[in-house]
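Read the structure below first, then the notes.
The values are calculated or read from the model by the stated rules, or taken from the named source; none is laboratory data. If you're wondering where the values come from, they're calculated on a predicted model, not measured in any experiment. Please note: Cβ atoms are built from the backbone with ideal geometry, for glycine as well, and neighbour counts cover all protein chains shown.
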Amino acid sequence: MTERLYWEEPNSTEFTAVVTRVGPVPDLDRQGVQEGGVALGVVLDRTLFYPEGGGQPADTGVLQLEGEDALYRVKGVQEKDGAIVHLVELPARQEAGRKVPLGPGARVRGRIDWERRFDHMQQHSGQHILSQAFLQTLGAHTTGFHLGADYASIDLDVADLSPEQVERVERLANEVVFQDLLVTAREYLPCELPEGVRRRLPKVAPKIRVVHIGEFDACACGGTHVTSTGRIGLIKINEITRAHGGTRVIFRCGWRALRDYQNKEGTLLAASRALKRPPAEVVSGVEALKAQAEKSEKETERLRRALLDFEARVLVQEEAGEVLVKALPGKSVEELRYLARAAAVVRDKPVVLFVREPRFTAVIARGAAQDFDACAVAARLAAALGVRGGGSPEMAQIGGREALPGDDATLTAEIRRLVADL
């Protein structure tokens, strides 16, 4: 069993240890190891590196052999059969086949990435406080915890939360932070476990580790935590969403909360400058812009349709034949459909409009010509041109994923010929 220094010395960053076992890692997650990199699973007699588990990611850092300059990067840490296995990426000069001196009996100095560790402690301790605050305030139990690279989240067994409820919980959580309560951990025999300990407990365990936050909370947990709540700095709830039939609470603590605030404040000030309004009036400014944009969109759509109606009348005047076939480069599918329908109605005769590139599309509309089946024409054209399509007797559409070869004039003549043969 590896001695877990991360429980005994949560604020330490360096330690010495002896290698007890080294081996390949085929059955361990190689996450973080460079593609093709050589990795070893290293077990030490004692370690500060926290293994992933309980919703908390593993620590990272380096190992250094006594008398050696090379640093062995610890890219991941996992617990396996009671031993803590460090997923170590070898230095480049040892990947060429040089015998690895990192073997059993070797003495090493380890150093964890403290910024990462402290961040995880802030989030994890903040989660304990937030979960207890939801339980005390609303009777909501935490059913899941996730600690990601940018934010943390808990899942609650309640269907929804009102803004007022969220504000009450957030206030209570931060009151606990500002009280700077001591955070301690103690191991209990199952028969000695005090009442009120949160979380599902293991069915069989010689001892159960419980993290106490003053008299406010007691939770069975194997993670790393700050030594007092004041070190969390701040607990900020950022978003409430639905998840797995309950509610997911996304939050940030400490440095994460500060960075998130700085980013959002920067965005708010940039919007304030762009709108030429004070920050407090940004929302009303955006709403005014939105209303103006919606009005402009409606006017633009009215003008676009008027222009298309004009184009349809021009199209009718261009050709007096039984079927109007016309290439309209640059038109969208929606514009083709609108023009084909409008032109067919005005001339009371069938219309075929198409674009050849970048993707071939043709729309067939019959107008008042009841003996003309647009769907049948579409099937004939699709088979001859090697494309697909379908529709109704009144209007149909065909198209392909690419442009058709040739030019618009040649394709226009070919479509006329195919339609005339029906």
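For region 243-276, which positions are of a type outside the set (Lys, Arg), surrounded by 11 or more Cβ atoms within 10 Å (Cβ to Cβ) and under 19 Å from the mean Cα position of the chain (by Cα)? Across region 243-276, the qualifying residues are 243, 247, 249, 250, 251, 257, 260. Is region 127-135 home to any residue that is surrounded by fewer than 17 Cβ atoms within 10 Å (Cβ to Cβ) and closer than 20 Å to residue 213 by Cα? Checked region 127-135: at least one residue is surrounded by fewer than 17 Cβ atoms within 10 Å (Cβ to Cβ) and closer than 20 Å to residue 213 by Cα. Taking the criterion of being assigned by TED's automatic domain parsing to the domain that holds residue 149 and either on the phi > 0 side of the Ramachandran plot or modelled with pLDDT under 95 (or both), would at least one residue in region 247-268 satisfy it? Among the residues of region 247-268, at least one is assigned by TED's automatic domain parsing to the domain that holds residue 149 and either on the phi > 0 side of the Ramachandran plot or modelled with pLDDT under 95 (or both), which makes the answer yes. Regarding region 277-289, can at least one residue be identified that is free of Cβ contacts under 8 Å to residues at least 24 places away in the same chain, among the β-branched types (Val, Ile, Thr) and surrounded by 16 or more Cβ atoms within 10 Å (Cβ to Cβ)? Yes, region 277-289 contains at least one residue that is free of Cβ contacts under 8 Å to residues at least 24 places away in the same chain, among the β-branched types (Val, Ile, Thr) and surrounded by 16 or more Cβ atoms within 10 Å (Cβ to Cβ). If only one of 384, 362, 378, 368 is farther than 24 Å from residue 406 by Cβ and either of a type in the set (Gly, Ala, Ser) or loosely packed, with under 14 Cβ neighbours inside 10 Å (or both), which one is it? Criteria check complete, one pass: 368. The residues of region 329-348 that are surrounded by fewer than 16 Cβ atoms within 10 Å (Cβ to Cβ) and among the acidic types (Asp, Glu), listed by number, are 334, 348. Within region 45-71, the set of residues being at pLDDT 90 or above, farther than 16 Å from residue 10 by Cβ and assigned to a strand (DSSP E or B) comprises 62, 63, 64, 65.
Could we say that residue 300 is surrounded by fewer than 13 Cβ atoms within 10 Å (Cβ to Cβ) and either among the β-branched types (Val, Ile, Thr) or touching a residue at least 60 places away in the same chain (Cβ under 8 Å) (or both) here? Yes: the conditions hold for residue 300. Scanning region 7-44 for residues that are in contact with a helix residue (DSSP H, G or I) (Cβ under 8 Å, 6 or more places away or on another chain), modelled with pLDDT of 75 or more and not in a strand (DSSP E or B) turns up 10, 12, 13. Going through (1) closer than 30 Å to residue 239 by Cβ; (2) in contact with a Leu (Cβ under 9 Å, 6 or more places away or on another chain) one by one, residue 308 falls short only on (1).
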